[in-house]
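So the structure is just underneath, and the comments pick up after that.
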Amino acid sequence: AEEDSHAVVAPARDKLDALRDKVRRVKARADRDTDSQIKQIEKELRADLEVVLAHDLSHLDEDGLRQRVVQLVLELKDRNRWEALRMHELTKRHTEDLVRKYDGLLQEQADRYEELVRYESAAAAQRAAEQTQQLTEDHFNRVLVNKEQQWHLNAQQALDRQRAEMAKELEQRVANTKSQLETRSAEEMNNRLAALNSLKSKVHELQQALANRSEADKNVTRVRDLSLAAIELQHALYRDPATVGSYLARIEQSAGSDPVLRAALSSIPQRVRKNGVPSEIELAQRFDTVYDSCYQASLVPEDASMLEHAAARLAATLTIGGAEAGEDAGPGSPKARLGRARSLLFDKAALPAAVKELDGLRGVVKETASDWVNAAKDRIAVEQALLLVKSRIASLRVE
């Protein structure tokens, strides 16, 4: 309470000290204004006198100056009298103004003192009221604590008695309820087990149906991917056979673990996946060169010298027409097989049959034709694999 009173009175005292400082500043300002006005008047008088004397000195003679000095002395006396009256009036007005300001400041100081007294009285009254209220609250708190302790004691005793009675009654009810719940629980457990078994059976059937549906969807997706890959492989085989390796890889990826497709793709050499296969036109263009080389090789014995090779090449050049006609050649001779292969390739477009004929060659002739035969077999292998893939796709669609 004392701290609150000090907090209330301190601002009033600070205001009073500020008022006293203000009074001192007003008095000092009034003194400064009076001195300034007196100095200004003296300055004006000197200036007027200097002007008059300067004018007279320049225009009057000695007698005129004496008269002018006498005249100025009289005027100065008159002006001093008027200035004294003026200074008296000015001082009077300044004094009255200062008195009014002092009266106002004194009145304000009195109001501040009255306010200070009022604050101190209010603070004292507030402290007394707070002390009285605190004493009253302490008394009532003690009374309430005693009453509350007595009430708690009585309530605790009543609760103990009621708890004992309720415990007995609750124990009996719990026993009865437990018996009923056990009976109901057994019946409900049996019903739930039956329902659960039925639900499990339905869930199993549903899972089986979903698995079948998922497997069917996977088969449809696989058939679609295989169909697209087969179409792309067929297109590449006749348009850009050098790129068939990438399309074979797509078919292999879409085939998954299908044993039929795996077996068909495994028969294709690894070089085909890397370099592709030649086109039918390329095989036909290369066959002429292979045919000539094989025919020349068939005219030379296996242990012939370089001279015999040159003679055989010249003989092949001279007799190439007869060789093409197959004159004087047995059905199993190299000349006959080369002729039949040429006919099958160019007249019937039967590449597998032509390869089969060239496979029947022996010795140096077979080695000479081996590169072309291998390239043709690579293309045949891709074509046969494509046919097998199409057949497998058709069977999967039926399934």
task = Quick one: which residues, 5 or more positions from GLY276 or on another chain, have an amide H under 5 Å from its amide H? H modelled 1.01 Å from N in the peptide plane, none for Pro or chain starts.
result = GLY245
query = What is the calculated FRET efficiency for ASN374 to TYR238, with r their C-beta to C-beta distance and R₀ = 30 Å, to the nearest 0.05?
reply = 0.90
query = Could you give the accessible area per residue of segment 55-126, probe 1.4 Å, as a whole number in Å²?
reply = 78 Å²
Segment ALA164-GLU280, length gained on full extension (0.36 nm per residue, minus Cα span) = 31.0 nm
Carbon/sulfur fraction of accessible area - segment 117-275, other protein chains in place, 1.4 Å, % = 55 percent
Percent carbon-and-sulfur accessible area, segment 60-102, ignoring ligands, DNA and RNA, probe 1.4 Å = 59 percent
Rounded to whole Hz, the Karplus (6.51, -1.76, 1.60) HN-Hα couplings of segment 236-244, x for glycine and proline = 5, 4, 9, 10, 9, x, 5, 9, 5
note = Once VAL145 and ARG271 are pulled to full extension, the length gained, defined as 0.36 nm per residue separation minus their Cα-Cα distance, is 34.9 nm
task = Using label points projected 7 Å from each Cα along Cα→Cβ, tell me how many nm separate ILE41 and LEU135, to one decimal.
result = 7.0 nm
Cα→Cβ-extended label distance, 7 Å offset, between GLU75 and MET87, nm = 2.1 nm
inquiry  = For segment 329-399, what does the accessible surface come to per residue with a 1.4 Å probe? Please give it in Å².
reply    = 51 Å²
note = Stretched fully, the stretch from ARG25 through GLN208 gains (0.36 nm per residue minus C-alpha distance, one decimal, in nm) 55.1 nm
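The values are calculated or read from the model by the stated rules, or taken from the named source; none is laboratory data. The model shown is predicted, which means the values in this text are computed figures rather than measured ones. Positions of Cβ are backbone-derived with ideal geometry, glycine not excepted, and every protein chain shown enters the neighbour counts. Side chains are part of the model used for accessible areas, which takes the heavy atoms of the whole protein and leaves out ligands, DNA and RNA. Shrake-Rupley method; radii C 1.70, N 1.55, O 1.52, S 1.80 Å.
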